[in-house]
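First comes the structure, then the notes that go with it.
All of the numbers you see were taken from the coordinates with simple rules; none came from a lab. For clarity, every value in this text was computed on a predicted model and none was experimentally measured. Don't worry about glycine lacking a Cβ; one is built from the backbone with ideal geometry, like all the others, and counts go over all protein chains shown.
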Amino acid sequence: MANKDFSNSPVINYISSTARLGKGVKIWHFAYIGDETEIKDNVMVGSLTHIDYKVRVGENTRIEGSVYIPPLTIIGRNVFIGPGATFTNDPYPMSPKMSGVIVEDGVIIGSRAVIKPGVRIGQNSVVAMAAVVTKDIPRDVVVMGHPARIKYSREEYNKKQSAWNSS
């Protein structure tokens, strides 16, 4: 097969015919949306993001570029997932048994964070950039490190963010 020049081609995304997309969903360049995935209203999916089959994404969620979300993952409403975050679903590759990650409403996941299979991230929690989450995270906390550990409360995070924004 001869090399094809794609320089004037439209943006190429793959969206499965069995995926269900809500109103106002924006999908940037070169994204993949797998079979039986459901993405609710007003979700943004960044370039080069791979959302595999049977994933659920709640409304008003923002998924930045180069994120990998494997099968069986459930993401709540009003979630932010930073660039290059990686979710996993196989604790012992290549096992035929998989376990999804659950991200509850209002969670923030920083750039390059890695989330272990079967983990639940509690409502309104923050996972710092490059954190490695190996166990469940309770609600309203900030975790960071390798492995991720609780560093302070979401309330303290909000105060730090407010001070940063007003400086």
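Which of the residues belonging to the range 74-130 are assigned to a strand (DSSP E or B) and among the polar types (S, T, N, Q)? Within the range 74-130, T86 is the sole residue that qualifies. Taking the criterion of being touching a residue at least 24 places away in the same chain (Cβ under 8 Å) and over 16 Å from V133 (Cα atoms), the residues of the range 84-115 that qualify are M98, D105, G106.
Within the range 34-51, none of the residues are touching a Pro at 6+ places or on another chain (Cβ under 9 Å), buried (at least 16 other Cβ atoms within 10 Å of the Cβ) and within 22 Å of V143 (Cα to Cα). Restricting attention to the range 13-54, the residues being of a type outside the set (G, A, S) and under 20 Å from R112 (Cβ atoms) number 10.
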